[in-house]
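A short reminder: the numbers here are calculations on the coordinates, not readings from a lab. All of these numbers come straight from a predicted model, not from anything done at the bench. No Cβ is skipped: glycine too gets one built from the backbone with ideal geometry, and neighbour counts run over all protein chains shown.
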Ligand SMILES: Nc1ncnc2c1ncn2[C@@H]1O[C@H](COP(=O)(O)OP(=O)(O)O)[C@@H](O)[C@H]1O
Ligand SMILES: Nc1ncnc2c1ncn2[C@@H]1O[C@H](COP(=O)(O)OP(=O)(O)O)[C@@H](O)[C@H]1O
C-alpha cells in the first residue's frame, strides 16, 4: 500500500548527496536520462533538451560550487506531473556562487546558463550562503514538437 | 481600523505597473530610497547597498526586458520584517530575458547581476515566458556593519 | 599547403571527454592543414564544454585554416543552433556538404 | 605633453546621467592630457552604468594617458571595490592622493 505522500518512483527521480565532480555528474546524468526515457513519453528532441539542461546544472555544481574548498555534494530531484505534462528538475549544491570574472574575455565559455534558459520553459537560479539551487521547468514535455534539428 | 491583511505602509513598499524606462527607474529608486531611510534603521553602508542593488534590477528591466517591443511595465515590492531584521525586495517585469551575447566582449558592461549578488544575502532570478523576476533578500539589515568603504 | 584533416568524435562530449577532442584538434592543427572538419555525426551527447572546444578551435584555425563542423540531430546541431554557434562556425549536416564548403 | 585634467562628477551617476560623464571624459581626452583624474567625491549614487564608463575611460586612456579615480564612502568606493574595479583602476580616497599617484 502506498500512502498519498509516498514518492512514486515512476514520477519522481531523486539523487541526493552525490559528490560534485565531473565523473559523478556524468553518472547522475546517465541515470537521470534512463529514468526520463522510461517514464516520460516525449519527442527525442525534448528528451535531448532536458538531459542537456540538467547536465549543464550538474556540470556547474561540479566545476564551480566548491572551487577552492575540499569539495562537496550536490542533489538532483525531478518531478514529472503526468497530468500537466510538466517536468520540474532541481539541482542543488551547498557551495558558493563563483562570479565569472567580467574583466576576462570568455568567448570559449559561459554557455551553460544561456543553454539552460533556452532549453527550459522557466529557470530559477537561487544563490545564497546556503548554496546554489537551479530549478528548471519544462512544460508540455509530452506535446509533439515542431522541431528544429 | 486596519484588517490584519492590510498592507502596513511602514513595512511594505509597493510600486506597481510603472513604465520600464530609465527615467521611471530613477524616480522609483528615489521613492524606494526615501521609504527605506524612513522605515528601516540601518547603517548608511547597508542602505546604500540596498538602494544600489534595487537600482540594478530596475535598470535591467528598463534596459532589456522589452528590447525590440513597444515597451512595458515593471513592479517593485519590498517587505521589511522588523522582527527578523530582514528586507526582501522583488522587481518583476513581463518582458523577455535577453541573453548577453557570449561572442561579444563586454568588459564595460555586465556588472549589474554580480553587484546584486554581492550586495544581497540571497538572490533569486526567475526567468520564464511570463517575464523576469529578481528577488533579493537582505538579512540583518539593522545589525551594525564591520564596514569596508 | 597541408592536407585536409577530418577529426571524428563519437559518443559523449561533456566536461570529462571534451579535452580529448581538444587534443585531437591540436594534433590536426600541427599538421599545417588547409582545413579542419570536426565530424560530430557519431556524437550522441554534446554539452557546453564541447561547444567551447569548437569555438576555441575555430579561433585558433582562422583565418589561415578553414574550419567546419558536421552535425545533425537533436543532440548536437539543435543545441549548437540554440546557443547561436551556427552563426559563428560553419555547420553542415553531412561530411559531403562540409567538404564541398571547404572547397575539396 | 598636455595638461592634467580633473573631471568632476556630482550627484547621481546612473544609466540616465552616466553618458554625461562619458562626454566629460571624452572632452578631457581630446586635450591630449598627461593624466585624467575622475573625482567622484561629490557623487552620492554610483550605479553599474557609471562603473562601465570608468572602465571604458581607463581602456581609452591607457597606456598613453594616466587614469585615476577619486572616491570614498559607501555609495562609491564601496561598490567599486565590491565588484573588483579597485584592482583594475587606480582608486584614491582624496584628490591629493590621486594627484600624487599620477605624479603631479
Ligand atoms: N553551481 C554553481 N556554483 C558556483 N558558481 C556557479 C554555479 N553555476 C554557475 N556558476 C558561475 O556562473 C558562471 C556561468 O556559468 P555557465 O553559463 O554555465 O558558463 P561556464 O560554465 O561555461 O562558465 C560560471 O562560470 C560560474 O562562475
Ligand atoms: N529584466 C531583464 N530582462 C531581460 N534581460 C535581462 C534582464 N536583466 C538582465 N538581463 C540580461 O542579463 C545581462 C546581464 O545583466 P547585468 O549583469 O545587469 O549587466 P549589464 O546590464 O551591464 O549588461 C544583460 O545584459 C541582459 O542581457
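Within the listed set A:123, A:27, A:87, the residue fluctuating most in the Gaussian network model of chain A (springs between alpha-carbon atoms under 10 angstrom) is A:27. A simple spin-label model places the labels of residue D:60 and residue B:38 4.1 nm from each other, with each point 7 Å out along Cα-to-Cβ. Taking the longest Cα principal axis of chain A as reference, the axis of helix A:44-60 is set at about 30 degrees. Note on chain A: with a GNM built from Cα contacts shorter than 10 Å, the maximum mean-square fluctuation among A:124, A:134, A:79 falls on A:124. Against the main long axis of the alpha-carbon atoms of chain B, helix B:22-39 sits at an angle near 20°.
Label-point spacing at residue B:22 relative to the other copies reads 4.4 nm, in ascending order, each point sitting 7 Å out from Cα along Cα→Cβ.
Centroid-to-centroid, using Cα positions, segment D:31-104 and segment C:43-104 are 43 Å apart.
Regarding the protein assembly as shown, what is the average projected area of its C-alpha convex hull, in nm²?
30.4
Each copy carries a label point for residue B:83 at 7 Å from Cα toward Cβ; from one copy, the others' points are 3.5 nm away, ordered from shortest.
Summarising the rotation from chain C to chain D, the nearest chain C beta-carbon to the axis and its distance in Å are given as C:59, 11.
Placing a label point 7 Å from the Cα of residue A:69 along the Cα-to-Cβ line, the residues of segment B:112-137 whose backbone N sits under 19 Å from it are B:117-124. The translational diffusion coefficient of chain D, from Stokes-Einstein at 25 °C and 0.890 mPa s with a Kirkwood hydrodynamic radius over alpha carbon pairs, comes to 185 µm²/s.
Each DSSP beta bridge with both residues in the protein assembly as shown is either parallel or antiparallel, and the antiparallel ones are about 65%. Helix D:18-30 axis versus longest C-alpha principal axis of chain D: approximately 10°, rounded to the nearest ten. Inter-copy label distances for residue A:100: 0.8 nm (label point placed 7 Å from Cα along Cα→Cβ; shortest first). Which number comes out as Rg/Rh for chain A once both Rg and the Kirkwood Rh are worked out on C-alpha atoms? Ratio of gyration radius to Kirkwood radius for chain A: 0.99. Considering the zone a paramagnetic label at residue A:11 would reach in this model (a point 7 Å from Cα along the Cα-to-Cβ line), which residues of segment A:38-78 have amide N under 18 Å from it? Flagged as within label range: A:38-42, A:77-78. For chain C, modelled as a GNM with alpha-carbon contacts under 10 angstrom, which of C:80, C:16, C:54 fluctuates the most? Highest fluctuation of the listed residues: C:16.
Dividing the summed -39500 (n - 2.57) terms of all DSSP H runs of n ≥ 4 by the residue count of the protein assembly as shown sets its mean residue ellipticity at 222 nm at -10000 deg cm²/dmol.
Rounded to 0.05, the FRET efficiency of the residue C:97 and residue A:145 pair, given R0 = 25 Å and the Cβ-Cβ distance, is 0.55. The mean number of partner chain beta-carbon atoms within 10 angstrom of a residue's beta-carbon across peptide A:23-34 is 2. Classify segment D:58-97 from the C-alpha gyration tensor, please: rounded if a/c falls under 1.5, else prolate or oblate depending on whether a/b exceeds b/c. Oblate, because a/c is 1.5 or more while a/b does not exceed b/c.
Is the shape of segment B:58-130 rounded, prolate or oblate, going by the alpha carbon gyration tensor and its root eigenvalues a ≥ b ≥ c, with a/c under 1.5 for rounded and a/b larger than b/c for prolate? Each step should come with its number before you reach the end.
Numbers: a/c = 2.69, a/b = 1.45, b/c = 1.86.
In terms of gyration-tensor shape, oblate.
Overall form of segment A:13-54: prolate. Here a/c, set by the Cα gyration tensor axes a ≥ b ≥ c, is 1.5 or more, and a/b is the larger of a/b and b/c.
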